[in-house]
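Below is one structure; the comments refer to it alone.
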Amino acid sequence: MNNFQVKENKEQISGLFSTKNYKSSELIHSVTGEVHKEPSKYTIEIEGQHIFDKNIIYMNHSCMPNTKVVKEKIFAITEINTGDELCFDYHTTESLITSPFVCNDCGKMIE
């Protein structure tokens, strides 16, 4: 987790922040970890498997994300600067949102 830091975001919840700059399309992280039988708020769904990757459990949802998950890889989709919170759209990976919540970007219920 050398290129990430967990800290409180503007909504006062833990988020995953970059400690380096990334260019658009640059690989940020390869998802690895334990495969769980059921989804949880701490797993990410990759090709039907629910993976607990301790390095990204604080990566929050955004309807205006700066990363994208492609198979087991996370790529920047915008320029990301040191100190930016890393986020992705949960609807692009999850077939079931186990803990519905209100999106801080758009105000819609994410379920």
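Rule-based calculations on the coordinates, nothing more; no lab input. Predicted, not measured: the structure shown is a model, and the values here were computed from it. Here the Cβ is made from the backbone with ideal geometry for all residues, glycine too, and neighbour counts use every protein chain on show.
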Of the DSSP beta bridges with both residues in the chain, give the percent that are antiparallel, rounding to the nearest 5. 90
Roughly what would the spin-label model give for I57 and E45, points 7 Å off Cα along C-beta, in nm? 2.1
Ascending count of other beta-carbon atoms within 10 Å, so fewest first, for K73, K10: K10, K73
Taking just the C-alpha trace of the range 51-96, give me its Rg and Dmax in Å. 10.4, 32
Quickly rank 27-38, 47-58 as a protection proxy: mean count of other C-beta atoms within 10 Å, highest first. 47-58, 27-38
Just subtract the alpha-carbon distance of E8 and T82 from 0.36 nm times their residue separation and send over the number in nm, one decimal. 25.1 nm
What share of all Cα pairs of the range 4-110, in percent, falls into each consecutive 5 Å distance bin? 2, 13, 23, 27, 21, 12, 2, 0
